[in-house]
Amino acid sequence: MSQPQYARVFISAPKGQLTMHADAKGLSVLIASREGLKAKAEQGVSEHDHFFTSIPGDGLLSEKRGCEKEGEVVHHLKLCGWSKEWAKKHGFIK
């Protein structure tokens, strides 16, 4: 699958750091996903979205490292939007 026509790449680094590089179009795609998840959560619906590089899947994430020389490219990003009840039940909030 071809690379997306926008910049959106995640690089994992030691000590729990995650760096995201994105241009305006890439940010718009992520914002739309997050807004959709937020709307569902507000309705009490728990939902999630997946983004992949072309290695495991759909190619919505770029594999280009750009200026990043360290860390690993993240090939699968899962964004979760949980209802308040689900988050409580599974220990994410009190």
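Data overview
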item: Odd one out for L60 among (1) modelled with pLDDT under 85; (2) on the phi > 0 side of the Ramachandran plot; (3) touching a Lys or Arg at 6+ places or on another chain (Cβ under 9 Å); result: (2)
item: Residues being in contact with an Asp or Glu (Cβ under 9 Å, 6 or more places away or on another chain) and over 26 Å from V45 (Cβ atoms) - total across the range 66-92; result: 2
item: Of all residues making up the range 71-94, the number that are surrounded by 11 or more Cβ atoms within 10 Å (Cβ to Cβ) and not in a helix (DSSP H, G or I); result: 13
item: Counted residues, the range 10-62 - those being in contact with a Ser or Thr (Cβ under 6 Å, 6 or more places away or on another chain) and over 25 Å from S83 (Cβ atoms); result: 2
item: Test: residue in the range 33-47 that is assigned to a loop (DSSP other than H, G, I, E, B), in contact with a Gly (Cβ under 8 Å, 6 or more places away or on another chain) and of a type in the set (S, T, N, Q); result: yes
item: Residue match in the range 2-25 (condition: out of contact with any Asp or Glu (no Cβ under 7 Å at 6 or more places or on another chain), surrounded by 15 or more Cβ atoms within 10 Å (Cβ to Cβ), modelled with pLDDT under 90 and of a type in the set (S, T, Y)); result: no
item: Residue tally, condition loosely packed, with under 13 Cβ neighbours inside 10 Å and outside any loop (DSSP other than H, G, I, E, B), over the range 48-70; result: 1
item: Positions within the range 66-78 being more than 23 Å from S33 (Cα to Cα) and either of a type outside the set (D, E) or free of Cβ contacts under 8 Å to residues at least 12 places away in the same chain (or both), in sequence order; result: G66, C67, K69, G71
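The values are calculated or read from the model by the stated rules, or taken from the named source; none is laboratory data. These figures come from a predicted structure and were not determined experimentally. Virtual Cβ from ideal backbone geometry, glycine too; neighbours counted across all protein chains shown.
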